[in-house]
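Everything on this sheet refers to the single structure shown next.
The values are calculated or read from the model by the stated rules, or taken from the named source; none is laboratory data. Please read all numbers here as calculations on a predicted model, not as lab measurements. Using ideal geometry, Cβ is built from the backbone for each residue, glycine included, and neighbour counts are taken over all protein chains shown.
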Amino acid sequence: MALPIEDYAIIADTQTSALVGRNGSIDWLCVPRFDSGAIFAALLGDDGNGHWSIAPAGSFTTRRRYRDDTLVLETEFETDGGVVRLIDFMPPRTDSTPSVIRMVEGVRGEVPMSMVLRLRFDYGKVVPWVYREQDALVAVAGPDAVWLRTPAELRGENMSTHADFTVRAGDRVPFVLTWSPSHLPAPPSLDAVHQLGVTEGYWRGWVSACTYEGEWRDAVVRSLLTLKALTYAPTGGIVAAATTSLPEKLGGVRNWDYRFCWLRDATITLQALLYSGFQSEATAWRKWLLRAIAGNPAELQIMYGVAGERRLDEYIADWLTGYDGNPVRIGNAAAEQFQLDVYGEVMDALHQGRRAGLKAADPAWGLQCKLMDYVEQHWRDPDEGIWEVRGGPKQFVHSKLMAWVAADRAVKAVEVFGLEGPVDRWRALRDEIRDEILTKGYDPDRGTFTQYYGSDELDAALLMVPLVGFLPADDERVAGTVAAIERELLVDGFVQRYTQHPGTDVDGLPPGEGAFLACTFWLADNYALMGRHDEAREVFARLLALRNDVGLLSEEYDTDAGRLVGNFPQAFSHVPLIDTARTLTAAMAPTEARATEGLR
């Protein structure tokens, strides 16, 4: 049985990542990319699906931390006989062979240790052939080969590799595991101590560009490091999370594969990077975005693979029992949905990039004009909306809002940057969409915007109305919507995504899920824009308190169980954390800049 989600920490090499449990077990690692098959999949099954454990042989207590502003994880195990420190990291990738390095250091006394390595390729399904070659233990099956080098004495037992060794104060025992395509020669041997210094230097050097010096610097820096950990460096793509199929409700079926790049995250990710001093990462993300969406606007997807792949076919890995009994999904069928809002997100991201001074000497504007042609023709069409519902398309108000954003940013591109385009036509489109939203998407009797035209349902995505500049935060319709969300969607201080009244079947799934953290950050942003600063800080403090002991957040929070739920760590939680911290710290933070865009 996997640990609670909050008991995991992430290590990464900017092309893939691993999840390390408080108990010293790596239960999730996909190689060579985030979306590759896992060689450790115990997170979604059991130990028989692959894991790598290093821990004291007897009972112990645990404390852990990241080394300063790095992704080098230290776990200290205290036993009756002494204390040992386990150092876990992945050296920054320089070739096609990712490595995980684990180093056991003796701190005090004498501690017997146990190492168990159980490799299972293709998401825990394939048992490799294991043999020795020179100084390494080698595991091979099909295209995959894993090399383990260590001075510890190894033995085979029950289709796994074991080592028993004792660590005394001052001792240091390294384990270096490297994946390589099986047809290639042995990967070079790595010096663990040298690589530790290289890895620490890399992360500290990267963080040194951070320009945020406010009240919540530690939380912001950890979130920025997490965002970098979820970056696929060769292309600049940023995955939504490191995992697949961690449930939004324990024991439920709401669990999806998040190891892909969502266009919806484009604007807030770009702003979080730019406003924090990471222009090269923002530029790389923008370039990835342009490459991914290139082509026929009618074929625009809501998400892509890390290199811009479009085929993300979904299937169930039925040999895995799943986290808490949930089905394990590989791929994501939502990539085939029509979600109108992503056109607005793309237009806004490219507009915000121009405002920040990113180079515009590229095909971006010509592509944007083609996107606007499509928006003009299809903005009235029903869609599956921001929450990727599987209960059929509807006239979602948030989707129309983002169509308005697309038109507004197209107009601004002409007015502010002097680009060529049919600005009069786009102004008319902007006005037409606005009028329809205010007429069909707002319920004057209840004083709130609704989830979709004519519905009684409420949607936390409506918190974006002031955040994208559609209406000012002091507008009575914004105030009424916020009040309705407080009444109907706020649970123990956290925001649910949408109401699910009896007889409705908006998402086509059984009801029940955790509170959505991004929506709760949006509520704090609304409070700040409305001048309710004390309440904004209270909400932000509650959110910060949900982070686990090493500063990480998942997608949602189960208020009944008091546990993090959903894929982990989640970019769509850490990016709004960065933005909200800046909003509460300084003038013209990302939230305020975007919120005033449509009002200019």
- Residues of the stretch 337-381 being polar (S, T, N, Q), touching a Gly at 6+ places or on another chain (Cβ under 9 Å) and either free of Cβ contacts under 8 Å to residues at least 12 places away in the same chain or within 15 Å of Leu419 (Cβ to Cβ) (or both), which ones? Gln368
- Lone unmet requirement of (1) closer than 16 Å to Arg264 by Cα; (2) touching a strand residue (DSSP E or B) at 6+ places or on another chain (Cβ under 8 Å) for Pro382: (1)
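Taking Ala407 as the residue in question, decide whether it is in contact (Cβ under 8 Å) with a residue 12 or more places away in the chain, assigned by TED's automatic domain parsing to the domain that holds Leu458, assigned to a helix (DSSP H, G or I) and more than 24 Å from Asp456 (Cβ to Cβ).
Considered against the rule, which asks whether it is in contact (Cβ under 8 Å) with a residue 12 or more places away in the chain, assigned by TED's automatic domain parsing to the domain that holds Leu458, assigned to a helix (DSSP H, G or I) and more than 24 Å from Asp456 (Cβ to Cβ), Ala407 comes out as yes.
So that you can scan it fast, the table gives a plain yes or no per residue for (1) surrounded by fewer than 16 Cβ atoms within 10 Å (Cβ to Cβ); (2) free of Cβ contacts under 8 Å to residues at least 60 places away in the same chain; (3) assigned by TED's automatic domain parsing to the domain that holds Asp383; (4) more than 20 Å from Val375 (Cα to Cα):
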| site | (1), (2), (3), (4) |
| --- | --- |
| Val411 | no, yes, yes, no |
| Arg425 | yes, yes, yes, no |
| Ala428 | yes, yes, yes, no |
| Asp431 | yes, yes, yes, no |
| Asp435 | yes, yes, yes, no |
| Asp445 | yes, yes, yes, yes |
| Phe449 | no, yes, yes, yes |
| Leu458 | no, yes, yes, yes |
| Leu463 | no, no, yes, yes |
- Query: Just one of the numbered conditions (1) within 27 Å of Phe516 (Cβ to Cβ); (2) among the small types (Gly, Ala, Ser); (3) within 25 Å of the chain's Cα centre (by Cα); (4) at pLDDT below 95 is not true of Ala356; which one?
  - Reply: (1)
- Read through the list (1) buried (at least 22 other Cβ atoms within 10 Å of the Cβ); (2) touching a Pro at 6+ places or on another chain (Cβ under 7 Å), then give the number of the only condition that Phe396 fails. (2)
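Any residue at all in the stretch 117-125 that's closer than 25 Å to Ala41 by Cβ, surrounded by fewer than 18 Cβ atoms within 10 Å (Cβ to Cβ) and at pLDDT 95 or above?
Of the residues in the stretch 117-125, the ones closer than 25 Å to Ala41 by Cβ are 117-125.
From what's left, surrounded by fewer than 18 Cβ atoms within 10 Å (Cβ to Cβ): 125.
Those left that are additionally at pLDDT 95 or above: 125.
Within the stretch 117-125, one or more residues are closer than 25 Å to Ala41 by Cβ, surrounded by fewer than 18 Cβ atoms within 10 Å (Cβ to Cβ) and at pLDDT 95 or above.
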- Kindly indicate whether Leu224 is crowded, with 24+ Cβ neighbours inside 10 Å and either without any contact (Cβ under 8 Å) to a residue 24 or more places away in the chain or not assigned by TED's automatic domain parsing to the domain that holds Leu546 (or both). yes
- Query: Is it the case that some residue within the stretch 410-418 is part of a helix (DSSP H, G or I) and touching a Pro at 6+ places or on another chain (Cβ under 7 Å)?
  - Reply: no
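Taking into account only those residues within the stretch 287-309 that are assigned to a helix (DSSP H, G or I) and at pLDDT below 90, which is nearest to Gly353 (Cα to Cα)? It would help to see each step written out before you state the result.
Taking the stretch 287-309 as the starting set, the residues that turn out to be assigned to a helix (DSSP H, G or I) are 287-293, 297-299.
When the remaining residues are screened for being at pLDDT below 90, the result is 297-298.
Working: Pro297: 20, Ala298: 24 Å.
Top of the filtered list is Pro297.
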- Query: For the stretch 28-76, what are the residues that are more than 21 Å from the chain's Cα centre (by Cα), crowded, with 23+ Cβ neighbours inside 10 Å and in a loop (DSSP other than H, G, I, E, B)?
  - Reply: Gly45, Gly50
- Query: Among (1) among the hydrophobic types (A, V, I, L, M, F, W, C); (2) part of a strand (DSSP E or B); (3) crowded, with 19+ Cβ neighbours inside 10 Å, where does Val107 come up short?
  - Reply: (3)
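Checking the condition hydroxyl-bearing (Ser, Thr, Tyr), touching a residue at least 24 places away in the same chain (Cβ under 8 Å) and buried (at least 19 other Cβ atoms within 10 Å of the Cβ), which residue from Thr580, Thr585 passes?
On the way: Thr585 fails: buried (at least 19 other Cβ atoms within 10 Å of the Cβ).
Matching residue, one of Thr580, Thr585: Thr580.
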- Note on the structure: For Gly197, the lone unmet condition from (1) out of contact with any Asp or Glu (no Cβ under 7 Å at 6 or more places or on another chain); (2) touching a residue at least 24 places away in the same chain (Cβ under 8 Å); (3) assigned by TED's automatic domain parsing to the domain that holds Ala18 is (2)
- Test: residue in the stretch 117-135 that is among the small types (Gly, Ala, Ser) and either closer than 23 Å to Leu86 by Cα or touching a Lys or Arg at 6+ places or on another chain (Cβ under 7 Å) (or both): no
- Task: Might you let me know whether the stretch 306-329 holds any residue that is surrounded by 19 or more Cβ atoms within 10 Å (Cβ to Cβ), among the small types (Gly, Ala, Ser) and within 24 Å of Lys400 (Cβ to Cβ)?
- Result: no
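Taking the stretch 329-346 on its own, how many of its residues are farther than 30 Å from Asp408 by Cβ and modelled with pLDDT of 95 or more?
First, the residues of the stretch 329-346 that are farther than 30 Å from Asp408 by Cβ: 329-331, 333.
Right, trim to modelled with pLDDT of 95 or more and you get 329-331.
Total satisfying the criteria: 3.
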